[in-house]
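Before any comments, here is the structure.
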Amino acid sequence: MLSLTGLAALAGFSPLRFISEAMAQSAADVAKPVSLPDMALGPKDAAVTITEYASMTCPHCAAFNEQVFPKIKSEYIDTGKVRYIFREFPLDIKAAAGSMLSRCIAKDDAAKYFAVTDMLFRQQNDWVVKNTTETLTRIGKQAGLTQQQVETCLKDQALLDKIAADQKYASDVLKVDSTPTFFINGEKIKGEASFEEFAKKINPLLKS
């Protein structure tokens, strides 16, 4: 069974809130990958970088993934205007398991990683509420892993510890305490924002 050692005080997180709070944050602090390589779409030299912290069991994160992210991708990422980084911030052990599976399937392939997280978000009700192990195993097999590889992945304490270290950095340094949380060139946005709210933040940065 996976240990919760190192996960950043999961029980102490504040409830998810529908708020948008802009806070100044060092872009250099946000840009720093701690333990795991960043999974990112879009050019490294894009004028705007968006970093999302999400939990795979967070319903607001799933709603954002389905309703808002596709518009950001088509309008800004696919056109080379924005670099989009997704970072794990698991609020519970099931979310950590989902993040671990995504990493094991994708390895260093960011496009595959985003495809797997999209699948996990869209099937969230199936694997979070019930049949967690069975559903994660099925998703892993669909992505090309064997059952043994899925089981090995979900028991990988070293991978869990790296996810925990990244989460601790986000909590301690960036003051992330709920999901989803976004940083747009270092400016923090808390909560499930609309596409229009993102556009209002992104467009002026593209003109500067």
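Across the stretch 185-203, which residue is nearest to Pro70 (Cα to Cα) among those that are aliphatic (A, V, I, L, M) and not in a helix (DSSP H, G or I)?
Step one: filter the stretch 185-203 for residues aliphatic (A, V, I, L, M), giving 189, 193, 199, 202.
Those still in the list that are not in a helix (DSSP H, G or I) too: 189, 193.
Working: Ile189: 18, Ala193: 13 Å.
Going through the qualifying residues, I end up with Ala193.
Please pick out the residue among Phe89, Phe114, Phe121 that is at pLDDT 95 or above, of a type in the set (Phe, Trp, Tyr) and crowded, with 23+ Cβ neighbours inside 10 Å.
None of the others qualify; the one that does is Phe89.
Conditions tested, residue by residue: (1) of a type outside the set (Asp, Glu); (2) closer than 30 Å to Glu196 by Cβ.
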{"residue": "Asp38", "(1), (2)": "no, yes"}
{"residue": "Asp78", "(1), (2)": "no, yes"}
{"residue": "Val82", "(1), (2)": "yes, yes"}
{"residue": "Phe86", "(1), (2)": "yes, yes"}
{"residue": "Arg103", "(1), (2)": "yes, no"}
{"residue": "Phe114", "(1), (2)": "yes, yes"}
{"residue": "Thr117", "(1), (2)": "yes, yes"}
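Looking for whichever is farther than 29 Å from Lys71 by Cα, out of contact with any strand residue (DSSP E or B) (no Cβ under 8 Å at 6 or more places or on another chain) and at pLDDT below 95 here; the options are Lys162, Lys130. Which one fits?
Numbers: Lys162 fails: at pLDDT below 95.
Just one listed residue meets the conditions, Lys130.
Could you identify the single residue in Ile163, Ile189 that is touching a residue at least 24 places away in the same chain (Cβ under 8 Å), crowded, with 22+ Cβ neighbours inside 10 Å, of a type in the set (A, V, I, L, M) and in contact with a Ser or Thr (Cβ under 7 Å, 6 or more places away or on another chain)?
Ile163
For the stretch 10-38, enumerate the residues that are at pLDDT 85 or above and touching a Lys or Arg at 6+ places or on another chain (Cβ under 8 Å).
Those that are at pLDDT 85 or above and touching a Lys or Arg at 6+ places or on another chain (Cβ under 8 Å): Ser35, Leu36, Asp38.
Could you count how many residues in the stretch 56-70 are part of a helix (DSSP H, G or I), surrounded by fewer than 19 Cβ atoms within 10 Å (Cβ to Cβ) and out of contact with any Leu (no Cβ under 6 Å at 6 or more places or on another chain)?
Step one: filter the stretch 56-70 for residues part of a helix (DSSP H, G or I), giving 59-67, 69-70.
In the following step, the residues that additionally are surrounded by fewer than 19 Cβ atoms within 10 Å (Cβ to Cβ) were identified as 59-60, 63, 66-67, 70.
Still in the list and also out of contact with any Leu (no Cβ under 6 Å at 6 or more places or on another chain): 59, 63, 66-67, 70.
So the answer is 5.
Considering the stretch 79-91 alone, what residues qualify as being in contact (Cβ under 8 Å) with a residue 12 or more places away in the chain and either farther than 18 Å from Arg103 by Cα or touching a Ser or Thr at 6+ places or on another chain (Cβ under 6 Å) (or both)? Show your work before the answer.
So the first thing to find is which residues in the stretch 79-91 are in contact (Cβ under 8 Å) with a residue 12 or more places away in the chain, and the list is 80-91.
Scanning the stretch 79-91 gives Gly80, Lys81, Val82, Arg83, Ile85, Glu88, Phe89, Pro90, Leu91.
Is at least one residue of the stretch 97-120 over 30 Å from Ile202 (Cα atoms), touching a helix residue (DSSP H, G or I) at 6+ places or on another chain (Cβ under 6 Å) and among the β-branched types (Val, Ile, Thr)?
Yes, there is a match, as at least one residue in the stretch 97-120 is over 30 Å from Ile202 (Cα atoms), touching a helix residue (DSSP H, G or I) at 6+ places or on another chain (Cβ under 6 Å) and among the β-branched types (Val, Ile, Thr).
Within the stretch 71-81, is there a residue that is surrounded by 18 or more Cβ atoms within 10 Å (Cβ to Cβ), in contact with a Gly (Cβ under 9 Å, 6 or more places away or on another chain), outside any loop (DSSP other than H, G, I, E, B) and modelled with pLDDT of 95 or more?
Within the stretch 71-81 (the criterion being surrounded by 18 or more Cβ atoms within 10 Å (Cβ to Cβ), in contact with a Gly (Cβ under 9 Å, 6 or more places away or on another chain), outside any loop (DSSP other than H, G, I, E, B) and modelled with pLDDT of 95 or more), the answer is yes, since at least one residue qualifies.
Of all residues in the stretch 138-152, count the ones that are surrounded by fewer than 20 Cβ atoms within 10 Å (Cβ to Cβ) and either part of a helix (DSSP H, G or I) or at pLDDT below 95 (or both). Can you show your working first?
Kept after step one, since they are surrounded by fewer than 20 Cβ atoms within 10 Å (Cβ to Cβ), are these residues of the stretch 138-152: 138, 141-149, 151-152.
Restricting the remaining residues to those that are either part of a helix (DSSP H, G or I) or at pLDDT below 95 (or both) gives 138, 141-144, 147-149, 151-152.
Matching residues across the stretch 138-152 total 10.
Could you tell me whether any residue of the stretch 148-159 is under 16 Å from the mean Cα position of the chain (by Cα) and of a type in the set (Ser, Thr, Tyr)? It would help to see each step written out before you state the result.
Step one: filter the stretch 148-159 for residues under 16 Å from the mean Cα position of the chain (by Cα), giving 159.
Next, from what is left, pick out any that are of a type in the set (Ser, Thr, Tyr): none.
Checked against the condition, which is being under 16 Å from the mean Cα position of the chain (by Cα) and of a type in the set (Ser, Thr, Tyr), the stretch 148-159 yields no hits at all.
Here's the yes/no breakdown for (1) closer than 17 Å to Cys58 by Cα; (2) among the charged types (D, E, K, R):
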residue: Gln123; (1), (2): yes, no
residue: Glu134; (1), (2): no, yes
residue: Leu145; (1), (2): no, no
residue: Ala165; (1), (2): no, no
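Could you list, in sequence order, the residues of the stretch 99-113 that are within 18 Å of Ile72 (Cβ to Cβ) and out of contact with any strand residue (DSSP E or B) (no Cβ under 6 Å at 6 or more places or on another chain)? Spell out how you get there, then give the answer.
Of all residues in the stretch 99-113, those within 18 Å of Ile72 (Cβ to Cβ) come to 110-111, 113.
The answer is Ala111, and nothing else.
The values are calculated or read from the model by the stated rules, or taken from the named source; none is laboratory data. Treat the numbers as computed from the prediction; the structure is a model and nothing was measured. Heads up, the Cβs are rebuilt from the backbone with ideal geometry, glycines too, and the neighbour counts pull from every protein chain shown.
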